[in-house]
Amino acid sequence: MTQAARLQWHRDADTSALIRLCWGLGAGTLFGALTLVVFGRLLGLTSQVGGRSLLLAALAGLAVTILALALTDDPAASLAAVTRYVPGIDYTPSDDVDARLSRGVDAAVGAVFVGGLIFALDTVVGGNVGQFFAAATIPVSLAFLLAAVFMRSTGVLDREEGVLYLYDPEDVIALDTLSGVSSRSIGGTSLVRLRYRTPDGEYVPGPRRLLVPRRVARELESIVE
């Protein structure tokens, strides 16, 4: 397989703004909703002992810290600088840790946004509207998370061998088993539909739909057609 004959791609939260948005909204909405449900209980308990203001101040301070970390150019370096003065914590930035930290910051920002919205509804509107909204957003958050997982895509298209290699999950598709390829594009992303040949009417296993970059979809269409 020569380098010129292979077309490879990798789409995840680091390379796709749409996947990153879905992950941030999904994880953030889930964490924010669950946190606000617990926070509502704690707020009720602290109100009885006079600790309401302290709890609100702590939560506001945490939200400001998260937003400040998200607005920095290098969250990993900022976190390393802060933890340098915390005894018992030795944080050393690395590519793997930085990627996880970036996803965590995205989820935390989403949680702050959703948590603020729920808290505002519960405070301004009242009548347990905030807690109802928190419960209602959990299915929405799961839908965003599933969309982020579905849109992830990694693979290699080998023009010489006529093979499409897919990873996560792993699969190998021989292009001569395809009878047709069609796609619909939104921006730089294409939803590709694969149609397989059915010799003797037998079912051919393999993925029927893929999300790939537009250039990969066009190349697939040109090769198969």
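Each value in this text was obtained by applying a stated rule to the coordinates, not by laboratory testing. Every value quoted in this text rests on a predicted model; they were computed, and no experiment measured them. Positions of Cβ are backbone-derived with ideal geometry, glycine not excepted, and every protein chain shown enters the neighbour counts.
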Using the Cα atoms of region 176-221 to build a convex hull, what is its mean projected area in square nanometres?
3.1
Hey, what's the per residue convex hull volume over the C-alpha atoms of region 144-205, in cubic angstrom?
115
Sort 165-175, 12-22 for me by packing, meaning the mean count of neighbouring Cβ atoms within 10 Å per residue, highest on top.
12-22, 165-175
